[in-house]
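Structure, as structure tokens:
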Amino acid sequence: MPTIAELDATGLHTMEELRNHVVSLIQAPNPVLFDLGCGRKVAAGFRGVDLYADVEVRADLFSHEWTFTPENSADMLYASHFLEHVPDLNTFMSNAWKILKDGGFFLINTPY
């Protein structure tokens with residue numbers, strides 16, 4: 001996994017560029033990509049996961065167990081401006097860890 005300094009050296013300037021770069025690092029032929037808590041705006045190439053928006057996967061990400069995908073099935077998770085709304089971050093991160101494949105990526109973007 002690249003360090004922040006290595007990513008900074010790539011010259012990426014936007015979250016979209018960074019997200020696309022991380023996707024390009026995935027070696028799977030058909031990577032499983034989830035945009036968690038995406039609302040109506042799903043990142044290109046990702047499966048949107050949200051409880052209220054009309055997206056591919058309707059799921060309660062605040063629940064104690066995620067059942068929308070098997071454990072060890074996701075190559076990458078992406079969450080933009082969502083984690084600050086999660087009431088139980090430990091449970092959320094534990095669920096994310098369970099569904100990520102070994103060596104998978106979780107790209108998080110939160111307000112500063």
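Roll a 1.4 angstrom probe over the protein heavy atoms and tell me the percent of accessible area of segment 14-66 that is carbon or sulfur.
Exposed carbon and sulfur together represent 49 percent of the surface.
Report, in degrees rounded to the nearest 10, the 0 to 90 angle that the Cα long axis of helix 89-99 makes with the longest principal axis of the chain.
Long axis of 89-99 versus the principal axis of the chain: about 70 degrees.
What do you get for Rg/Rh over segment 1-110 if you use C-alpha atoms and the Kirkwood form of Rh?
Numbers: Rg = 13.6 Å, Rh = 14.4 Å.
Taking Rh as the inverse mean 1/r over Cα pairs, Rg/Rh reads 0.95.
Under 5 Å between amide H atoms, partner at least 5 residues away or on a different chain: which partners does A74 have, H built in plane at 1.01 Å?
Under 5 Å from the amide H of A74 lie the amide H atoms of L100, K101, each far enough along the sequence or on another chain.
What accessible area per residue, rounded to a whole number of Å², is obtained for segment 1-80 using a probe radius of 1.4 Å? Walk me through the numbers on the way to the answer.
Values: 5010 Å² over 80 residues.
Result: 63 Å² of accessible area for each residue.
Using helices alone, I'd like the mean residue ellipticity at 222 nm for the chain: each DSSP H run of four-plus residues gives -39500 (n - 2.57), total over residue count, nearest 500. Numbers along the way, then the final one.
On the way: 3 runs with 28 residues, N = 112.
Calculated mean residue ellipticity at 222 nm is -7000 deg cm²/dmol.
Contact order normalised by length for the chain, with contacts defined as Cα pairs under 8 Å and 6 or more residues apart; what percent is it? All intermediate terms of the calculation are to be shown ahead of the outcome.
Working: 164 pairs, mean separation 26.1, N = 112.
For the chain, the relative contact order is 23 percent.
Sorted by mean Cβ packing within 10 Å, highest first, what order do the peptides 81-91, 55-65, 40-50 take?
Numbers: 81-91: 12.6, 55-65: 14.8, 40-50: 17.1.
Highest mean packing first, the order is 40-50, 55-65, 81-91.
Give me a comma-separated list of calculated 3J(HN,Hα) values for segment 51-65, in order, Karplus coefficients 6.51, -1.76, 1.60 applied at θ = phi - 60°, integers in Hz, x for any Gly or Pro.
So the Karplus estimates, Gly and Pro as x, are 8, 9, 7, 7, 10, 4, 10, 8, 8, 8, 6, 8, 6, 7, 9 Hz.
The values are calculated or read from the model by the stated rules, or taken from the named source; none is laboratory data. Because the structure is a prediction, the values reported are computed rather than measured. In this analysis, Cβ positions are derived from the backbone assuming ideal geometry, glycine residues included, and neighbour counts consider all displayed protein chains. Calculation scope for accessible area: heavy atoms of the full protein, side chains included, ligands and nucleic acids excluded. Shrake-Rupley method; radii C 1.70, N 1.55, O 1.52, S 1.80 Å.
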